[in-house]
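Down below is the structure, laid out as structure tokens.
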Amino acid sequence: MNVASTHPEAKEPRKRAGTWRTWRWTLGNYLFILPFLFFFVTFTLGPILYSFYMSLHDWRVLAQEQPFIGLQNYRNLLRDDLWWTTLTNTLYFAFLTAVANTIVALLVAVAVNQPIRWRDFYRFMFYAPVVLSVAVIGVMGVWLFNTQFGIVNYFLVWMGFQPVRWLADPNLVIPSLSLMTVWWGFGFPMLIYIAGLQGIPDHLYEAARIDGANGIRLLRHITLPLMMPSIFFVAVTQLIAHFQVFGQPYIMTGGGPGRASYTTIMYLYQTAWRYFRMGYGTSIAVGLAVVILIFTLIQFRVFGRRSMIEY
């Protein structure tokens, strides 16, 4: 036996070499993500922290001083009736659109995943509206849902119904905006569902058909349980996205009639960029971010664990 090789001092150089290799490997990994970290800190984390800093001040554009007022903006926000009105409208729109998008996209994905003729053409047509800008969608929505000369009311009158005041009725304006948004945006979650459906083994369906299962039972007992992770992902991302709605109501209704479609982001825009109250505007943004976080955590609590278990 080589006595020198078993001596503690002989193992020290090996330990140093292993430590250096570990540090070099770790440093290399961080160098790879350094460009992303730079842009993330510069354009995402930095502005978020600075926005919170601004919300603690009476920050006004072109003002000589920006006095520190602590949490006064947030106290004013809790007493602001317009904030609660816009938050209610935003919640209504976000939940209505997220639920509709989640269900419609799943049904369409199941339909276009079947071995039917022109399947790729149907997938393209259902996805095509996603590439349109919100400005195009807004202008199309105004023409479609116009009370006097809109295309939708034209066909309703042609079929013998009375014209509907889609964007002029406070009770119908948000469902109308939601309907237009669903048509515009369900194509992306449809792609996510198609990817999930193609990952389900075919032998599960074949075994169920041998046991006498029909289409409804296949959907209920095989497709839906195995698609729960995809459904959960779509539901969470859709709710977060539609909490930040701005373009559709801004172009189609301007927040009207009255304040029936006035959303939180529209209120933020008016406060910060029309009246230049940046401090109060950033407090609106922080308040909306907290609301989004709360509802996202609720979704994870209610649906997240179940979807992971079933998966």
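Restricting attention to segment 10-18, does a residue exist that is over 23 Å from the mean Cα position of the chain (by Cα), acidic (Asp, Glu) and modelled with pLDDT under 90? Yes, segment 10-18 contains a residue that is over 23 Å from the mean Cα position of the chain (by Cα), acidic (Asp, Glu) and modelled with pLDDT under 90.
Quick grid of which residues meet (1) outside the structural domain of VAL290 (by TED's automatic domain parsing); (2) of a type in the set (Val, Ile, Thr):
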| position | (1), (2) |
| --- | --- |
| ARG60 | yes, no |
| ILE69 | yes, yes |
| ASN76 | yes, no |
| THR86 | no, yes |
| ALA100 | no, no |
| ILE103 | no, yes |
| VAL108 | no, yes |
| ALA111 | no, no |
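Of the residues LEU87, LEU71, LEU62, LEU107, only one is modelled with pLDDT of 95 or more and hydrophobic (A, V, I, L, M, F, W, C); which? LEU87 is the lone residue from the list that is modelled with pLDDT of 95 or more and hydrophobic (A, V, I, L, M, F, W, C). In segment 247-271, of all residues being without any contact (Cβ under 8 Å) to a residue 24 or more places away in the chain and either in contact with a helix residue (DSSP H, G or I) (Cβ under 7 Å, 6 or more places away or on another chain) or surrounded by 19 or more Cβ atoms within 10 Å (Cβ to Cβ) (or both), the one that is farthest from ASN171 (Cα to Cα) corresponds to THR271.
Residues satisfying the criterion are present in segment 109-125 (criterion: among the β-branched types (Val, Ile, Thr) and within 27 Å of the chain's Cα centre (by Cα)). Give the residue that is nearest to the chain's Cα centre (by Cα), with candidates limited to residues of segment 64-77 that are surrounded by 13 or more Cβ atoms within 10 Å (Cβ to Cβ) and among the aliphatic types (A, V, I, L, M). Per the stated criteria, the residue is LEU77. Across segment 276-311, the qualifying residues are those that are outside any helix (DSSP H, G or I) and at pLDDT 90 or above, and the one among them that is farthest from LEU78 (Cα to Cα) is PHE276.
Looking at this structure, is LEU219 outside any loop (DSSP other than H, G, I, E, B), among the aliphatic types (A, V, I, L, M) and over 21 Å from the mean Cα position of the chain (by Cα)? Judged against the criteria, LEU219 is a match. Put simply, of LEU172, LEU167, LEU144, LEU177 the only residue that is surrounded by 15 or more Cβ atoms within 10 Å (Cβ to Cβ), assigned by TED's automatic domain parsing to the domain that holds GLY215, over 26 Å from LEU219 (Cα atoms) and without any contact (Cβ under 8 Å) to a residue 24 or more places away in the chain is LEU172.
The values are calculated or read from the model by the stated rules, or taken from the named source; none is laboratory data. Keep in mind that what you see is a predicted model, and the values were worked out from it rather than measured. Please note: Cβ atoms are built from the backbone with ideal geometry, for glycine as well, and neighbour counts cover all protein chains shown.
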